[in-house]
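Below you'll find the structure, written out as structure tokens, and then a few comments.
None of the figures in this text is laboratory data; all of them are computed from the coordinates on show. As the structure is a prediction and not an experimental result, all values here were calculated from the model. Cβ atoms come from the backbone with ideal geometry, glycine included; neighbour counts cover every protein chain shown.
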Amino acid sequence: MKKSSTAIIGACGEHYVAAYLSGFQLIVAMPRGGMPGFDLLVTKGKSGHAIRVQVKTGTQSTRKTREDGEIYLWSTSYAAIDRDDEYLWYAYVWLNDWPNKENHPEIFFVPSKTVVDCMKECRENNETWPYFWMTKEKAQEYKGLLGLHMLCDALGNHDM
């Protein structure tokens with residue numbers, strides 16, 4: 001199969017996350033034309049505030065390192081450091097060969113503070129190609145429903 005462009009891969013991740021969140025009765029808006037710094041606006045309903053979600057999608061988001069063992073990683077700009085905000089979250093998506101295979105994508109909902117800390121470490125280490133990364137063990141805290149519950153707590157939605 002022909003290799004997809006990064007724009008198509010990114011759109012695939014954005015739509016997948018939007019559908020996932022909508023399936024849990026959250027209201028999701030996809031701003032037209034893309035907004036700098038976020039891809040989705042998420043709220044629980046008529047009252048409360050919205051959370052901005054920046055979606056990062058990867059097709060090869062796992063690696064094994066000598067120091068840390070198996071990790072997940074996604075290319076993430078150093079601009080994330082300046083976006084530390086309790087109302088900004090990241091949805092990191094590993095497509096996991098979906099839709100070509102029966103595997104489903106994995107989604108990790110990560111607060112911006114966690115991303116900022118990782119990106120600061122990358123900058124201190126003078127990484128040319130910055131990546132947000134986490135060990136497979138640490139990633140379990142943010143994966144799927146666990147991460148979604150944290151995001152909903154940030155929205156003030158304790159009814160999930």
Looking at segment 65-73, can you tell me whether even one residue there is aromatic (Phe, Trp, Tyr) and within 11 Å of the chain's Cα centre (by Cα)? no
Check every one of the helices (runs of 4 or more DSSP H) wholly within segment 46-160 and list those with 1 or more residues that are surrounded by 16 or more Cβ atoms within 10 Å (Cβ to Cβ) and either in contact with a Ser or Thr (Cβ under 6 Å, 6 or more places away or on another chain) or without any contact (Cβ under 8 Å) to a residue 60 or more places away in the chain (or both). 112-124, 144-155
Say whether the condition of being among the aromatic types (Phe, Trp, Tyr) and under 27 Å from PHE24 (Cβ atoms) is met by at least one residue in segment 139-148. yes
Among the residues of segment 25-59, what is the count of those that are over 12 Å from the mean Cα position of the chain (by Cα) and among the polar types (S, T, N, Q)? 4
